[in-house]
1. Please go through region 170-213 and pick out each residue that is among the aromatic types (F, W, Y) and touching a residue at least 40 places away in the same chain (Cβ under 8 Å).
2. Go through D72, D112 for me and flag whichever is within 16 Å of A59 (Cβ to Cβ) and modelled with pLDDT of 95 or more.
3. Please tell me if T243 is of a type in the set (S, T, N, Q), assigned by TED's automatic domain parsing to the domain that holds I285 and either modelled with pLDDT under 95 or part of a loop (DSSP other than H, G, I, E, B) (or both).
4. For L77, which of the numbered conditions (1) more than 19 Å from Q21 (Cα to Cα); (2) without any contact (Cβ under 8 Å) to a residue 60 or more places away in the chain; (3) touching a Gly at 6+ places or on another chain (Cβ under 7 Å) fails to hold?
5. Given the conditions (1) part of a loop (DSSP other than H, G, I, E, B); (2) more than 15 Å from the chain's Cα centre (by Cα); (3) buried (at least 19 other Cβ atoms within 10 Å of the Cβ), which single one is not true for S316?
6. Only one of D286, D262, D266 is buried (at least 19 other Cβ atoms within 10 Å of the Cβ), acidic (D, E) and closer than 26 Å to A146 by Cβ. Can you tell me which?
7. From the list S26, S51, exactly one residue is without any contact (Cβ under 8 Å) to a residue 12 or more places away in the chain, in contact with a helix residue (DSSP H, G or I) (Cβ under 8 Å, 6 or more places away or on another chain) and of a type in the set (S, T, Y). Which is it?
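The values are calculated or read from the model by the stated rules, or taken from the named source; none is laboratory data. What you are looking at is a predicted structure, and each value in this text was computed from that prediction instead of being measured. Neighbour counts run over all protein chains shown; Cβ positions are idealised from the backbone, glycine included.
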Amino acid sequence: MTGPVPDRIVDIAIGYMGAKQLFAASRVGLFRALSDGPRTAAELAATTGVSEQIARILADAMNAKGLLDRQDGRYSLAADAAEYLGGAGDTDLAPFLTFLNEISYGHWLQFDTTVDTTKPGELAMDEARWGTFMAGVMRYNSLHAAMLARGFDFTPYRSMLDLGGLSPDFAVNALRANPDLTVRFVFAPMSTEGINNALAAAGFTDRATVEPAETETAAPGGEHDIVMVNHVLHRFTAEQNKTILANARAAAKEGATLLLLDFFLDDDERQRPIDALHAGEYFVIDGTVVYPESEVKAWLEGSGWRAREVIALPGSPRVLVAEAV
């Protein structure tokens with residue numbers, strides 16, 4: 001066939017079908033059922049408790065998406081499914097998928113109203129839903145932290161400031177990578193207990209301090225050689241972010257490195273999809289903003305940082321790496 005074909009349009013339009021089947025497969029334990037070897041649809045049905053018809057629908061869908069392999073009617077885990085859904089790896093994304101299914105998906109049903117009004121959807125939450133929300137978000141942060149630890153060398157540094165972030169996992173992974181590193185957490189007060197628990201679980205309480213302070217006004221000072229600001233910018237206004245970055249610079253010695261992790265909109269010929277999709281996700285859920293990378297770089301320059309490189313993390317946000325000048 002010559003000329004344009006509709007494949008991309010159709011694939012995008014029916015994307016929610018694959019997502020919902022992925023969420024269901026995770027929820028019923030389909031991937032875990034394959035952790036010890038290949039199974040038929042009938043065996044999957046017996047293990048997961050769903051009907052054989054549903055087991056076949058889910059397994060075929062996951063095979064079509066490349067997460068399962070199929071040979072002679074038996075299904076097995078592809079490498080990425082084994083690592084992140086089957087229980088073989090360090091980061092199990094099942095809680096993140098539960099969050100997407102139970103919290104995020106419902107908000108996307110409000111997206112037409114958001115488009116027409118430029119207002120976020122209604123975030124109707126109770127204690128159980130907040131538990132699902134935080135479990136999923138923090139598990140996704142664990143993925144980002146693992147990707148960053150693989151893609152950035154922490155060994156040259158000795159003194160880290162982790163300013164205002166949502167998750168301690170980024171700094172904990174840095175501590176694992178560098179036995180000579182110490183970390184100073186300056187997070188919002190509500191995060192203190194979680195940070196202390198994470199440090200205790202990892203055995204790093206003697207290499208870190210925790211100082212509660214509101215992110216938008218915290219001015220920690222110091223002479224740190226690396227500063228981390230993870231998942232902060234999208235939560236604040238442009239003016240607040242300029243202040244946060246200036247306060248981060250005031251806590252860094254000359255030549256120090258800044259790791260600024262978030263989703264960003266870019267000016268390349270083809271926008272990185274995951275950032276653009278999260279611009280809609282963040283706004284429809286609570287009205288927070290994914291900023292253009294060019295705007296963020298202007299904030300950096302105005303606050304004493306010089307952008308050095310950009311690291312795009314697989315399945316995760318990107319990191320703007322800057323140097324204190």
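1. Applying the first criterion (among the aromatic types (F, W, Y)) to region 170-213 yields 170, 185, 187, 204.
Answer for region 170-213, where residues must be among the aromatic types (F, W, Y) and touching a residue at least 40 places away in the same chain (Cβ under 8 Å): just F170.
2. Numbers: D112 fails: within 16 Å of A59 (Cβ to Cβ).
When all the criteria are applied, what remains is D72.
3. On the way: of a type in the set (S, T, N, Q): yes; assigned by TED's automatic domain parsing to the domain that holds I285: yes; either modelled with pLDDT under 95 or part of a loop (DSSP other than H, G, I, E, B) (or both): no.
Against the criterion (of a type in the set (S, T, N, Q), assigned by TED's automatic domain parsing to the domain that holds I285 and either modelled with pLDDT under 95 or part of a loop (DSSP other than H, G, I, E, B) (or both)), T243 does not qualify.
4. (1)
5. (2)
6. Values: D286 fails: buried (at least 19 other Cβ atoms within 10 Å of the Cβ); D266 fails: buried (at least 19 other Cβ atoms within 10 Å of the Cβ).
Of the residues listed, the single one that is buried (at least 19 other Cβ atoms within 10 Å of the Cβ), acidic (D, E) and closer than 26 Å to A146 by Cβ is D262.
7. Criteria check complete, one pass: S51.
Residues are listed down the side, and each one gets a yes or a no for (1) within 23 Å of S104 (Cβ to Cβ); (2) of a type in the set (S, T, Y); (3) part of a strand (DSSP E or B); (4) under 19 Å from the mean Cα position of the chain (by Cα):
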| position | (1), (2), (3), (4) |
| --- | --- |
| L260 | no, no, yes, yes |
| F283 | yes, no, no, yes |
| V290 | yes, no, no, yes |
| E295 | no, no, no, no |
